[in-house]
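Okay, structure first, notes after.
The values are calculated or read from the model by the stated rules, or taken from the named source; none is laboratory data. Bear in mind the structure is a predicted one, so any value in this text is a computation, not a measurement. Ideal geometry is used to build each Cβ from the backbone, glycine not excepted, and the neighbour counts take in all protein chains shown.
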Amino acid sequence: MHIQLTNHSYDILIQKGALQTVGQWVSQQWRKQKVGIITDTNVAPLYAEKVKKSLEEQGFKVSIYVVTAGEQSKSLQEAEKLYQSLAEDQFSRSDGIIALGGGVIGDLAGFVASTFMRGLHFLQIPTTLLAQVDSSIGGKTAVNTSAAKNLVGTFAQPAGVLIDPEVLQTLDTRRIREGIAEIVKSAAIADVQLWEILQTLKDEHELIEQAETIIPLALQVKKHVVEEDEFDNGSRLTLNFGHTIGHGIENTAGYGVVSHGEAVAIGMVMISQEAERQQLMPAGITDQIRQMLKKFHLPTQLETIQPVAVYQAITHDKKTRGSNIKIILLEKIGQAKIVTLPVEEIKKYIN
């Protein structure tokens, strides 16, 4: 798959077993140089040395940097530690970073690569379903703060993305479901045919069996809006369906307590049911979303939600513009719309 942007373009390789020849793939993207692999404590024992060896066989000088797995590592404090390590290892602007991991690692490594010395080039090797269908493409990098999720970040496109569906076999079920939430979102906002395919699947295990088919379909949704709106000022906002409330839930529950995918699933239901009540969406769509999420064993509500705290987190959201906020609703399954509301109105969607 090819991503064509105004000032940059890159390819996405989607192939089972692609990780086995990662060194050859990287040598097609970059000249020989220092490469820093940023990964986490879950992924490093599985793949880091394998990737390092493959790169070294192609003449790259490789360092591995391992952070603690989990959303808590997507922070300015962790970025600072990585800056220090890169400086000690004498990385220059002629060298590169590889993100080897899920969405947290992709965001953190991309942020570090785009800010260290004002920018190293980087590659994405996503190892979770969520990262493979969503966060590894599009060029958004970010770290969290205590105020809000993804509050500090950059737009920085990778030089390429390698997706190997075989690595999903090492994921636990909760992480598989987390990625499915983003697939459901993609289908809901822009691809009724993908939605119909999801309807035919029995559960998350059957979806993984068809990953080579499902992943490209979900990516096509994101590819289209990223190429149309690289910097998130227009149609790309539709990718945030479920995210406005979802990010607030993640922040207030504590990062990692409710996963990103779980929060998005809850957010899609919450925003849709209130929009239906206000007749901003056709009746019945919320039930379709709820049934789809339940089939894949994703949550559709949060018993311990803190409305005031969630609202405060939402006011720091990047989708807030002054006294207004843009939310994403559905005209029908497969067609999204952007609605601008006074920020105060979002309180009705949280209770």
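Anything in region 225-249 that is in a helix (DSSP H, G or I) and at pLDDT below 90? List them, or say none. Walk me through how you get there before you give the answer.
First pass over region 225-249, keeping only residues in a helix (DSSP H, G or I): 225-228, 235-240, 243-249.
If the condition is that a residue be in a helix (DSSP H, G or I) and at pLDDT below 90, then SER235 is the only one that fits.
Do any strands (runs of 3 or more DSSP E) lying entirely in region 115-196 carry at least 2 residues that are more than 22 Å from GLN24 (Cβ to Cβ) and touching a residue at least 24 places away in the same chain (Cβ under 8 Å), and which ones are they? Reasoning before the result, please.
Working: elements: 121-126, 140-143, 152-155, 161-163.
Here the list reads 140-143, 152-155.
Those residues that are out of contact with any Ser or Thr (no Cβ under 9 Å at 6 or more places or on another chain) and either assigned to a strand (DSSP E or B) or surrounded by fewer than 15 Cβ atoms within 10 Å (Cβ to Cβ) (or both), I need them from region 321-336; list them, please. Break it down stepwise before answering.
Pass one, region 321-336, residues out of contact with any Ser or Thr (no Cβ under 9 Å at 6 or more places or on another chain): 322-323, 331-335.
Residues satisfying the conditions are GLY322, SER323, GLU331, LYS332, GLN335.
Looking at GLN24, GLN72, which is the one that is at pLDDT below 95, part of a helix (DSSP H, G or I) and not hydroxyl-bearing (Ser, Thr, Tyr)? Show your work before the answer.
Values: GLN24 fails: at pLDDT below 95.
Answer to the check: GLN72.
Would you pick out the residues in region 251-297 that are among the small types (Gly, Ala, Ser) and either assigned to a helix (DSSP H, G or I) or not assigned by TED's automatic domain parsing to the domain that holds GLU196 (or both)? Spell out how you get there, then give the answer.
Taking region 251-297 as the starting set, the residues that turn out to be among the small types (Gly, Ala, Ser) are 253-254, 256, 259, 261, 263, 265, 267, 272, 275, 283-284.
If the condition is that a residue be among the small types (Gly, Ala, Ser) and either assigned to a helix (DSSP H, G or I) or not assigned by TED's automatic domain parsing to the domain that holds GLU196 (or both), then ALA253, GLY261, ALA263, ALA265, GLY267, SER272, ALA275 are the ones that fit.
Could you tell me which residue of region 66-108 is surrounded by the most Cβ atoms within 10 Å (Cβ to Cβ), considering only residues that are under 11 Å from ASP40 (Cα atoms) and hydroxyl-bearing (Ser, Thr, Tyr)?
SER73
Just one of the numbered conditions (1) surrounded by fewer than 15 Cβ atoms within 10 Å (Cβ to Cβ); (2) among the polar types (S, T, N, Q); (3) over 28 Å from ILE176 (Cβ atoms) is not true of GLN312; which one?
Of the numbered conditions (1) surrounded by fewer than 15 Cβ atoms within 10 Å (Cβ to Cβ); (2) among the polar types (S, T, N, Q); (3) over 28 Å from ILE176 (Cβ atoms), the odd one out for GLN312 is (1).
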